[in-house]
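Notes follow once the structure below has been shown.
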Amino acid sequence: MGSGRDKRKKAKPKAPGAGAEKTSRKTERNEGKAVKRAAQAAKGGDDDVDALLAQFALEEKAKSAADVREDVAAPSARVYASFTAHPTSGDIYLFGGEFFDGGADKQYTYADLYRYQTSRNKWSRIIAPKGPALRTSHQAAIIKQYLYVFGGELTSLNQSSFKHYRDLWRLDLESLKWEHLTSKGGPIARSGHRMVAYKQSLILFGGFHDDGTGNAKYFNDVWEYDTEEHKWTCRHTGVSSAPAARAGCRAALHGTLLFVISGHTAWMEGKQEMDKVHDDVWALDLQTWQWEKVKKAGLAPSPRCNVAFASHKKRAILFGGITDQHGRGDRMFSTLHDDLYQFNCDSCRWYPVAVKAPAKASAKVNKESAACQSPHDGSTDASDASNRAAAASPDSTAQLDEPLAEGSRVASAQGGSAHAAGVGAREGSAAAPKAAEQVQPDLADKLSRAGVDKESALYKAAARIQSRFRGYTVRKAYKAYKLGGKVSELLYSPALYGIDLSAQNMPKPRARSSAMMAVVGNTLWLFGGMVEITSNDISLDDLWALDLAKLDGWRCIKENTSGDVKDTLDSDSSSDGSASGDD
């Protein structure tokens, strides 16, 4: 009868490892292989950029969730990081950057993110997984609750290969989640560009891209990214009526105008590398997208690159930078700067900024001066001051066209009150002789010795100014500042003009290039940078603050701990920097 036909088929036992268990094991094996491949890729040599990226990917994968580590140590020494102030919270966000280890001859690039709470003087380390890769020379800006990061570059450890980025990221500062935004139709990969936040848009200018063959391409195009529509638009191709293509420039936003200054361009002529440092100023109208070159006015800083730059109300503040000069053969002489300038965005004029000594230090010097001064009626000095005022050009009798914003003062040879003394001399008052009476003998002796000592800061300042300002340029300076008297008298007899030497030895950031700077409220914050010590590049990690309303002295928030560098003014430093020669 067909045994078993009406019986149910006996189910076969499940083979070991079948079904979901088998799939799970296969997935684990594949993941293991992927990890091994990534680990192998990360073992590349010092010239392998892909190995650095693979190692970074492995580290990112190990991060499970966002985390904020409060009250951590300050970021390590670096340059070319983004240092972005939040418009409302007062916090500053530092991301990425690079550090060159001269001893090992290796360059390290970062992708770490820090938050500095200026109100508490506390650093926090933000761990946010799945973010942008290692990079330096990128740009960042904050709009609403988002931190945007675009572009940059990654260099191999031995600096023989590199990679440029064209990716755009944003970090939600509330949820601490990164988001990779579309770059379709946007700028090509680049670094050394500038980017600012304007309303709901990001405005990007310039930069450069090197394809690895030594043919670097520099840009002067303008792009706008609408953060609401998530769309890139090229607003100016840079073909005509635009600044020269450049990288490393600085930008300041004022109303509907974007000011661009400084920057450099490099190219090859045969086997010789050539470069040009730009010292022009351009203004871009963000409504018409048209450029206009700004005529240089006032006393502008000397040509330099890698300056620190930040906007404050209706002005832009510039600090430091470096000037390279070619010598015989392959010799290169570099001058680092520690001077401070402001660019008034309304009048489009440059002014040096003098930082005075704190009130306590000034009061101490004045008290000592009064105790040490000798009897002097000052009649001869008053007569001399009147003669100097009479000998000055007719234009020198007028007042300054406009006062400096936020309590700034015109800087003199040693950052003193030359402007006030000049006004007193013009009005025929006894201001000049009165100031002379208050100069104590030891300071007068110091000035006398400094005038003939070729290694002194005063002598170097005099030599620089005299070499730069001659003839017609001197007359332009008289007209710009409306000062009477002779430049040589101001330089070699500053006591006669009441220059306050109490600021001579007060703490201040040493000359440097590539420092990171941001403004929160009325306070300027300066972090890191690079100096040259015996032809070696040393990155810094010090932090300084300056009240831009009072200008009553720099405050060292954190001393430098990187390299063999002293943060106090060294004997080889001057008001215009220090020089070094590279063989």
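The values are calculated or read from the model by the stated rules, or taken from the named source; none is laboratory data. Please read these numbers as outputs of a predicted model, since none were measured by experiment. FYI the Cβ positions are ideal-geometry reconstructions off the backbone, even for glycines, and counts take in every protein chain you see. Ligands, DNA and RNA are excluded from the accessible area calculation, which covers all protein heavy atoms including side chains. Shrake-Rupley method; radii C 1.70, N 1.55, O 1.52, S 1.80 Å.
Under Stokes-Einstein, with the Kirkwood radius over Cα pairs as Rh, the value for region 125-205 at 20 °C and 1.002 mPa s is 160 µm²/s.
Would you please classify the overall shape of region 83-241 from the alpha carbon gyration tensor, given that a ≥ b ≥ c denote the square roots of the eigenvalues, rounded means a/c under 1.5, and beyond that prolate means a/b larger than b/c while oblate covers the rest? Since a/c reaches 1.5 but b/c is at least a/b, the shape of region 83-241 is classed as oblate. Fraction of C-alpha pairs exceeding 26 angstrom in region 182-314: 23 percent, rounded to a whole number.
The label-point distance for S175 and V68, in a model that sets each label 7 Å from Cα toward Cβ, rounds to 1.6 nm. The calculated FRET efficiency for the pair D346 and D105, based on their C-beta separation and a Förster distance of 35 Å, comes to about 0.15.
With the cut-off at under 14 Å, measuring from each backbone N in region 215-240 to a point 7 Å along the Cα-to-Cβ line of T182 picks out 225-233.
Averaged over residues, the count of other Cβ atoms within 10 Å places the peptides 158-169, 54-65, 266-277, 89-100 in the sequence 89-100, 158-169, 54-65, 266-277, highest first.
Distant-in-sequence amide contacts of K106, defined by a placed amide H-H separation under 5 Å and a gap of 5 or more residues or a different chain, comprise D101.
Counting only Cα atoms, the size of region 41-126 along its three principal axes is 44, 33, 21 Å, in decreasing order.
Report the calculated FRET efficiency for N158 and I557 (r = Cβ-Cβ distance, R0 = 35 Å), to the nearest 0.05. The calculated FRET efficiency here is 0.50. Checking the table K184/K296; K199/K293; K61/K184; K217/K314; K163/K231; K130/K276 against a 30 Å threshold on Cα-Cα, which pairs fail? Violating the 30 Å limit, Cα to Cα: K184/K296; K217/K314; K130/K276.
The residues of region 178-257 present an accessible area of 43 Å² per residue when probed at 1.4 Å with all protein chains retained.
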